[in-house]
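Take a look at the structure set out below.
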Amino acid sequence: MARITAGVGSSHVPAIGAALDRGRTHQPEWRPIFAGYEWSQRWIAAERPDVIILVYNDHASAFSLDFVPTFAIGCADSFAPADEGWGPRQVPEVIGHPELAWHIAQSVILEEFDLTLMDRMDVDHGLTVPLSLMFGQPTAWPVRVIPLAVNVIQYPAPTANRCYRLGEAIARAVATFPEDLNVQVWGTGGMSHQLAGSRAGLINREFDTLFLDRLSEAPDALRVMPHEEYIREAGSEGMELIMWLTMRGALGPRVRELYRFYHVPASNTAVGHVVLVPEETGERSVTDDAVPRSAAA
Amino acid sequence: MARITAGVGSSHVPAIGAALDRGRTHQPEWRPIFAGYEWSQRWIAAERPDVIILVYNDHASAFSLDFVPTFAIGCADSFAPADEGWGPRQVPEVIGHPELAWHIAQSVILEEFDLTLMDRMDVDHGLTVPLSLMFGQPTAWPVRVIPLAVNVIQYPAPTANRCYRLGEAIARAVATFPEDLNVQVWGTGGMSHQLAGSRAGLINREFDTLFLDRLSEAPDALRVMPHEEYIREAGSEGMELIMWLTMRGALGPRVRELYRFYHVPASNTAVGHVVLVPEETGERSVTDDAVPRSAAA
Amino acid sequence: MTNAFDDIPGTVVFTGERARRGRHLNRFCMSLMKPENRARFLADERAYLDEWPMTEAQKRAVLERDFAAMLEEGGNIFFVLKVAAVDGRSTQSVAASLAGQTPEEYGAMMRAGGRSPEGLRSISGRF
Amino acid sequence: MTNAFDDIPGTVVFTGERARRGRHLNRFCMSLMKPENRARFLADERAYLDEWPMTEAQKRAVLERDFAAMLEEGGNIFFVLKVAAVDGRSTQSVAASLAGQTPEEYGAMMRAGGRSPEGLRSISGRF
Ligand SMILES: [Fe+3]
Ligand SMILES: [Fe+3]
């Protein structure tokens, strides 16, 4: 049977992708960020997941405003990196897992989640930057990816609670997939940042820390937070954090935080990153010289 | 405040549109069908709804299989009749009600329905044939229309229960729209028919009658019916009937059936049609020499 | 994955598995929504089909207007109907051919009330 | 409809009302995803803009690269950023201009930990 073995939360700042693609990872501005993912790169090399269900949002790349799905699942065989206006990132094509994607789609739609099914979709920095942060610059991604795009750019986004519940439904679907697969769920976006409006540049380290603490220990408090509170505290684009709750929901009631990283800034954004494991399988998942929970920067 | 005053159920057979558009309404094959809507044409001329929330399904017109939304709401100012392969129907452009559509979208997404928002969408016979049946051949439709497209051609469709619950959520949304609007909800598709497979031509009058009885009197029995039972009894395309449940859900717990029509065949399909009013407003809505519930043909 | 509707005889339910198998067949069908593509297809069907990464069985099904085979090869009914539209052929005649009946037989059956569900509910006999 | 987030200062939340107002501005922005359109836009910005049913205020905002005005006229931040991309201009410099700061001021602020939320949570003072 397929099983969800871990969850990863990560910011997905486009400038991080550009820094990597242009060989600027050793510049003082960027080095701390890439250093903050070194533990996770070693961890995931040992974990060797087969599939990542990657929760992210599209930023006017695959979807125009003519067509805004609340939740869109990628069922295609592969997904091309999107041209976001300056040519596509020179990263490998993203290989899907259509059998598992269709299985999840069928399962959660029958559980009354109203997914949009995508058989052709380009994927933008929201998906490819976390892959780069976790896997570096391989010639092919060492994992299959099921993109799950969440609308957060056209109000209203789904509620935080709905994102969490979708994660729970995904976990039930994965548990009934007959193939033996090591599946991770990633939630991306955030942390606090704002572009739209004169409050641009907002960073709220206190809120971000609270969010990361609660993500592991008290996710119910995050589930009931209304959109306006996410926007007020984390910024208009910081509301992307609701996508981390889908990851969290997929991990079950209790989790253990294996790793945490937080850094300000990457361009306009606070960078946050956690690695979580379900409490049941926590012991088995620690396969490396795991750094105990540590806040860098 | 806006209020939902009535629900209409109707088949949406493309051949009916062709018969009307080609002036064949008086041919023996088609006359009984158009006659079956004469009462309803008089009724709706007296009712003068401002807006129809029209639940239908797209048939490979607006959506390819690259992109299959479970529920898609049309928020555009207008919607063009689709070219379904032999040129668009020569019927008026469909004028939307974007303020109400956005209000509904916001309300039901915050209630955890995962709609896809459409700002550009052509509408096919699934939407325009019921308009023609109810309004004839005007130079402009005398009503605004909010298209609500439901996936029923890519398995899995939403459950019957989910369709019903969406109707309930739409009713709550309409009730909080500040403008004074007379709103109807229509459910279209069905009744029993099958195209796909050697069982093509299936008609199940007994099931259709049961469905219409229960729609008014015992909708809970229809909500819990699984897809396979709809397909087994009503045919692979007869499963479109789940869309009638969104209409029914929007009308509240008790309704009165003002009119019923049933006829076999239109091309491959059993034609069914009902007019329902919420029990609370039932008295006020009878504005015409209403035919008591009557089964023609 | 087996599904409850696999027990229903003579009935194609368009699952994800079929969608994957029929991806390019259905995309070809969708291309016929554009008048210029319809014209190009009719001018040289084989050449137009060869522009798509379809299987030979899919192409043959289209060339032979074998609608049952199109469904078998992953075609969705509403997509393959676009091939019929190109020929100016009615949905009813496609349905007749899927049923293995002549258009006349099928039309007469429909006028007489359609195909009864009796005996056509279940392969296993459970319904 | 008033929304709870209307109380948050200096913050544009992209509602349906804004989407309707900015429809053609955002469609114009989306058109810049194609290299050939970027080239045509740069060759004659005014002529390219005149192909779209945008308001004069929207066109002027684009011509003047006034990103605050683009948002005001219904632009979505991720769509108007495509205008910046055409100019090879960074997201950070757009954010600076929205904040009314020079890129240097804004960059220094970000390196120092970003803009504090203190005093920027609520117009009414409730938060
Ligand atoms: Fe983002
Ligand atoms: Fe239909």
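Can you work out D for the protein assembly as shown in µm² s⁻¹ from Stokes-Einstein, where Rh is the Kirkwood radius over C-alpha pairs, the temperature is 25 °C and the viscosity is 0.890 mPa s? Could you put the intermediate results ahead of the total?
Working: Rh = 28.2 Å.
For the chosen part, D equals 87 µm²/s.
Could you go through the range C:23-36 in sequence order and give the Karplus-derived ³J(HN,Hα) for each residue, using 6.51 cos²θ - 1.76 cosθ + 1.60 with θ = phi - 60°, rounded to whole Hz, and x for Gly and Pro?
Whole-Hz 3J(HN,Hα) from phi for the range C:23-36: 3, 6, 4, 5, 5, 4, 4, 4, 4, 6, 5, 8, x, 5.
Mind checking the dipole of the range A:1-117: about its Cα centre, +1 per Lys or Arg Cβ, -1 per Asp or Glu Cβ, Debye to the nearest 20?
620 debye
Go through the range B:108-113 residue by residue and turn each phi into a ³J(HN,Hα) via Karplus (6.51, -1.76, 1.60, θ = phi - 60°); whole Hz please, and just put x for glycine and proline.
6, 5, 5, 8, 6, 9
Just need the relative contact order of chain B here, percent rounded to a whole number, with Cα pairs under 8 Å and 6+ apart.
Values: 672 pairs, mean separation 87.4, N = 297.
Rounded, it is 29 percent for chain B.
Report, in deg cm²/dmol and to the nearest 500, the calculated mean residue ellipticity at 222 nm for chain C, where each DSSP H run with n ≥ 4 adds -39500 (n - 2.57) and the sum is divided by the residue count.
Numbers: 9 runs with 71 residues, N = 127.
Calculated mean residue ellipticity at 222 nm is -15000 deg cm²/dmol.
Tally Lys/Arg at +1 and Asp/Glu at -1 over every other residue whose Cβ is under 14 Å from the Cβ of D:PHE5; what's the total?
On the way: positive: A:ARG199, A:ARG232, D:ARG18, D:ARG121, D:ARG126; negative: A:GLU228, A:GLU229, A:GLU233, A:GLU237, D:ASP6, D:ASP7, D:GLU17.
Net charge around D:PHE5: -2.
Where the label is 7 Å out from Cα toward Cβ, how close does B:ALA46 come to the same position in every other copy, in nm, shortest first?
Spacings between copies for this position, smallest first, are 7.9 nm.
Choose one of B:TYR164, B:THR25, B:PHE63: the residue whose Cα lies farthest towards the positive end of the charge dipole of chain B (beta-carbon charges +1 Lys, Arg; -1 Asp, Glu; about the Cα centre).
B:THR25
Counting Lys and Arg as +1 and Asp and Glu as -1, what is the net charge of the other residues whose Cβ lies under 13 Å from the Cβ of D:ARG60?
Net charge around D:ARG60: -4.
May I ask which residue of D:GLY113, B:THR176, A:GLY85 lies farthest towards the positive end of the charge dipole of the protein assembly as shown, with charges of +1 (Lys, Arg) and -1 (Asp, Glu) on Cβ and the Cα centre as origin?
In the protein assembly as shown, that residue is A:GLY85.
Using +1 on the beta carbon of Lys and Arg, -1 on that of Asp and Glu, and nothing else charged, what's the dipole of the protein assembly as shown about the Cα centre, debye to 20? It would help to have the intermediate numbers written out before the result.
Working: 82 positive and 108 negative charges, 30 e Å.
Roughly 140 debye, rounded to the nearest 20.
Could you tell me which residue in chain A puts its beta carbon nearest the axis mapping A onto B, with the distance rounded to whole Å?
Here the nearest residue and distance are A:ASP114, 2.
So what's the net charge close to B:ILE153: Lys and Arg +1, Asp and Glu -1, counting the other residues with Cβ under 10 Å from its Cβ?
Details: positive: none; negative: B:ASP58, B:GLU237, B:GLU240.
Value of the local net charge: -3.
Please sort by residue number the GluC sites (Glu not before Pro) in the range C:1-77 whose DSSP state is loop and whose Cβ has at most 15 other Cβ atoms within 10 Å. Don't skip to the end; give the middle numbers.
Working: sites: C:GLU17, C:GLU36, C:GLU45, C:GLU51, C:GLU56, C:GLU64, C:GLU72, C:GLU73; in loops: C:GLU51, C:GLU64, C:GLU73.
Loop-located and lightly packed - C:GLU51, C:GLU64.
Using amide H atoms built in the peptide plane, which far-off residues or other-chain residues are under 5 Å from B:PHE67 H to H?
Residues meeting the criterion, in which the H sits 1.01 Å from N, are A:ASP119.
Hey, how many Å between the Cα centroid of the range D:51-71 and the Cα centroid of the range D:94-127?
24 Å
Please get the size of the charge dipole for the range D:16-88, origin at its Cα centre, with Cβ charges of +1 on Lys and Arg and -1 on Asp and Glu, quoted in debye to the nearest 20. Please report the intermediate quantities before stating the final value.
Values: 13 positive and 12 negative charges, 57 e Å.
Dipole of the range D:16-88, to the nearest 20 debye: 280 debye.
Long-range amide H contacts for B:LEU202: which residues qualify at under 5 Å (H placed 1.01 Å from N, peptide plane, sequence gap of 5 or more or a different chain)?
B:GLN194, C:ARG115
How many angstrom lie between the C-alpha centres of the range A:172-232 and the range B:77-98?
Taking the Cα centre of each part, the range A:172-232 and the range B:77-98 sit 41 Å apart.
Tell me, what does the Kirkwood hydrodynamic radius of chain A come to in angstroms if you use every pair of distinct C-alpha atoms? Please report the intermediate quantities before stating the final value.
Working: mean 1/r = 0.0535 Å⁻¹.
With all distinct Cα pairs of chain A included, I get 18.7 Å.
Taking Cα pairs under 8 Å and at least six residues apart, what relative contact order does the range D:16-88 come out at, in percent?
Details: 68 pairs, mean separation 33.3, N = 73.
Answer for the range D:16-88 is 46 percent.
To the nearest µm²/s, what D does Stokes-Einstein give for chain C at 25 °C and 0.890 mPa s, using the Kirkwood radius over alpha carbon pairs as Rh?
Numbers: Rh = 15.9 Å.
Here the translational diffusion coefficient equals 154 µm²/s.
Through the Karplus equation 6.51 cos²θ - 1.76 cosθ + 1.60, θ set to phi - 60°, convert the phi angles of the range B:245-261 into ³J(HN,Hα) values in whole Hz; use x for Gly and Pro.
So the J values, rounded to whole Hz, are 6, 5, 4, 4, x, 6, 8, x, x, 10, 10, 10, 8, 7, 7, 9, 9.
How big is Rg to Rh over the range D:16-88, alpha-carbon atoms, Rh as the Kirkwood inverse-mean-distance radius?
My calculation of the ratio gives 0.92.
In terms of Cα to Cα distance under 23 Å, which lysines are near enough to D:LYS59, apart from those fewer than 8 places away along the same chain?
Answer for D:LYS59, where 23 Å is the Cα cut-off: D:LYS34, D:LYS82, listed by chain and number.
For chain B, what is the mean residue ellipticity at 222 nm derived from helices alone (per DSSP H run of n ≥ 4: -39500 (n - 2.57); sum divided by total residues; nearest 500 deg cm²/dmol)? Don't jump to the answer; show the numbers that get you there.
Details: 11 runs with 102 residues, N = 297.
It lands at -10000 deg cm²/dmol.
Output, in nm with one decimal and in ascending order, the distances from the B:ALA175 label point to the matching label points of the other copies (7 Å from Cα along Cα-to-Cβ).
With the label placed 7 Å along Cα→Cβ, B:ALA175 yields 3.6 nm.
Please give me, ordered by residue number, the trypsin sites (Lys or Arg not before Pro) of the range C:61-127 that lie in loop per DSSP and have at most 14 other Cβ atoms within 10 Å. All intermediate terms of the calculation are to be shown ahead of the outcome.
Numbers: sites: C:ARG65, C:LYS82, C:ARG89, C:ARG111, C:ARG115, C:ARG121, C:ARG126; in loops: C:ARG65, C:ARG89, C:ARG121, C:ARG126.
Answer by residue number: C:ARG126.
Scan around A:ALA6 for amide H atoms under 5 Å from its own, H built in the peptide plane at 1.01 Å from N, and keep only partners 5 or more places away or cross-chain.
A:VAL185
Positive end of the dipole of the range D:16-88, charges at C-beta (+1 Lys, Arg; -1 Asp, Glu), about the Cα centre: which of D:LEU71, D:SER31, D:THR55 has its Cα farthest in that direction?
Projecting each Cα onto the dipole axis, the largest value belongs to D:SER31.
Any read-out appearing in this document is the output of simple, stated calculations on the displayed coordinates, not a laboratory observation. Quick caveat, the model's predicted, so the values are computed rather than measured. Note that each Cβ is placed from the backbone with ideal geometry, even for glycine, and that neighbours are counted across all protein chains shown.
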